[in-house]
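Visitor: Input: one structure, supplied below.
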Amino acid sequence: MSYSVWTSIPLSALLAFCIVPPSVGNAELVPLEIGFDRWMYPFNGTPGLRATGSVFGALGSADFDNRDAQVLVGFDTSPMATLSGSRALISLTLTVTTASSNTFVYDPTVDPLESYLSDPDADDGRPLELFGVAVRNGFLRPTLDTNSTDPLLFKETSPFSTSPGVFRSSRSMFAADALGADVSNNVSNGQSVVPWAVGRTDTVAPGATVPRNTEFRFSIDLNDLETARYVDDALSVGEIYLSLTSFHSASQGGPPSFPSFYLDAGGTSLGPTPRLEFEFGPSSDLNEDGSVDGADLGLLFASWGGTSGPADLNVDQLVDGADVAILFNYWSGDPAPISIAVPELGTPPLGFAVSGLGCRRSRRRVNLSR
Ligand SMILES: [Ca+2]
Ligand SMILES: [Ca+2]
Ligand SMILES: [Ca+2]
Ligand SMILES: [Ca+2]
């Protein structure tokens, strides 16, 4: 079995930076509406037209994936092409809304692998887990274009598998880690995997049943460098895809015991459809003259140690070296600095070393700071 992964950014390009926790202040929020949704389940007879999509597992089955029913979502990120060219991405959150009524119990934390094998589950319920996606069966990547006739692009209505009657490890598009490895059977493979986010809500207590129209938010962990690379590549291409999964149990003919979520039903919907919210910090072009250069660096240093303002590029309530790193990442002046003596916190930035050419941006990039 082979698969292709839809990422290509050198990890080295990201190592000097990191993402900070979600915050407010000078941040700019960009919400995106759903552009692709697919209930990725072997017996979905109306792909691309579903009003809802459910997630559940099939542990112990030799025929079906452990993460049997998945919900795939995609978004057009092109509206952020300009923003992501000068600002650090500081948070990324997927929101989905339950269409199911009191069919499952809220568990806000990852359950250890052993709890799916031999150990008892320490807390009630199972978490909702979010991953990236990858494709196989000859597909090169997904597409938002539902009218595409390109056989190399997986769209909402593309076949679940190109192997008739084979359901395990054969789905054409699947939940994957940031390197493109299929995580759909991690339990039977004995692999502990870390989801990119777990669904959380403030309106239901852990251990309580979840009513219809409950919003779940997935705050994607951008501190993970591989995940950040996946997101960065998606911004470059202009499309991002994610997979929602869980190990809730399901029994044929029995009452629902798993979550389902509103989808767009091919253009109509019965409730709030999935949305994705990008949060960017302030522009590195602090003086708004169209260039990120020494003048902006000077303004940043003038704000050194401050706890707010546009120079706090990662919106962590402190102007420090992390913000300098972000500014360098978007440097467009000439020459670009490649080394700098960053002052200690609280110390006025009396001087810095500039040498050579480098650090010039040639593409959008996710910024990372500590
Ligand atoms: Ca848990
Ligand atoms: Ca649990
Ligand atoms: Ca400037
Ligand atoms: Ca900062």
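Visitor: Going through 195, 142 one at a time, which residue ends up being at pLDDT 95 or above, in contact with an Asp or Glu (Cβ under 6 Å, 6 or more places away or on another chain), crowded, with 16+ Cβ neighbours inside 10 Å and within 21 Å of residue 37 (Cα to Cα)?
Guide: Residue meeting the stated conditions: 195.
Visitor: Pairs only if they're at least six apart or on different chains, beta carbon under 6 angstrom, first in segment 80-96 and over 11 Å from residue 28 (Cα atoms), second of a type in the set (Val, Ile, Thr) and buried (at least 22 other Cβ atoms within 10 Å of the Cβ); list them, first residue then second.
Guide: 92/220
Visitor: Filtering segment 106-123 down to residues that are among the polar types (S, T, N, Q) and at pLDDT 95 or above, which residue is nearest to ligand 3 (Cβ to nearest atom)?
Guide: 109
Visitor: Turning to a different aspect of this structure: Do you know which residues across segment 164-196 are in contact (Cβ under 8 Å) with a residue 24 or more places away in the chain and over 24 Å from the mean Cα position of the chain (by Cα)?
Guide: Of everything in segment 164-196, those that are in contact (Cβ under 8 Å) with a residue 24 or more places away in the chain and over 24 Å from the mean Cα position of the chain (by Cα) turn out to be 167, 168, 188, 190.
Visitor: Let me ask another. What single numbered condition from (1) in contact (Cβ under 8 Å) with a residue 24 or more places away in the chain; (2) out of contact with any helix residue (DSSP H, G or I) (no Cβ under 8 Å at 6 or more places or on another chain); (3) not aliphatic (A, V, I, L, M); (4) not in a strand (DSSP E or B) fails to hold for residue 218?
Guide: (4)
Visitor: Separate question: Give just the number: which of (1) farther than 25 Å from residue 48 by Cα; (2) modelled with pLDDT of 95 or more; (3) away from ligand 3 (no atom under 16 Å from the Cβ); (4) not charged (D, E, K, R) does residue 244 not satisfy?
Guide: Among (1) farther than 25 Å from residue 48 by Cα; (2) modelled with pLDDT of 95 or more; (3) away from ligand 3 (no atom under 16 Å from the Cβ); (4) not charged (D, E, K, R), residue 244 violates only (1).
Visitor: If a residue has to be within 16 Å of ligand 1 (Cβ to nearest atom) and either under 21 Å from the mean Cα position of the chain (by Cα) or over 20 Å from residue 215 (Cβ atoms) (or both) to count, how many in segment 68-112 make the cut?
Guide: Residues that pass the stated criteria total 6.
Visitor: Let me ask you something else. Inspect segment 298-319 for any residue being more than 28 Å from the chain's Cα centre (by Cα), within 13 Å of ligand 4 (Cβ to nearest atom), under 24 Å from residue 278 (Cβ atoms) and surrounded by 15 or more Cβ atoms within 10 Å (Cβ to Cβ) and give the result as yes or no.
Guide: Yes, there is a match, as at least one residue in segment 298-319 is more than 28 Å from the chain's Cα centre (by Cα), within 13 Å of ligand 4 (Cβ to nearest atom), under 24 Å from residue 278 (Cβ atoms) and surrounded by 15 or more Cβ atoms within 10 Å (Cβ to Cβ).
Visitor: Further question: Looking only at segment 29-57, which residues are of a type in the set (A, V, I, L, M) and buried (at least 22 other Cβ atoms within 10 Å of the Cβ)?
Guide: 40, 55
Table: residues versus (1) within 16 Å of ligand 4 (Cβ to nearest atom); (2) surrounded by 15 or more Cβ atoms within 10 Å (Cβ to Cβ).
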residue	(1), (2)
91	yes, yes
94	no, yes
98	no, yes
112	no, no
121	no, no
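Visitor: Another question, if that's okay. Which one of 130, 144 is away from ligand 1 (no atom under 16 Å from the Cβ) and of a type in the set (A, V, I, L, M)?
Guide: Only one candidate qualifies: 144.
Visitor: For residue 308, indicate whether it is modelled with pLDDT of 90 or more and within 15 Å of residue 90 (Cβ to Cβ).
Guide: no
The values are calculated or read from the model by the stated rules, or taken from the named source; none is laboratory data. Predicted model only: the values in this text are computed from it and were never measured. Heads up, the Cβs are rebuilt from the backbone with ideal geometry, glycines too, and the neighbour counts pull from every protein chain shown.
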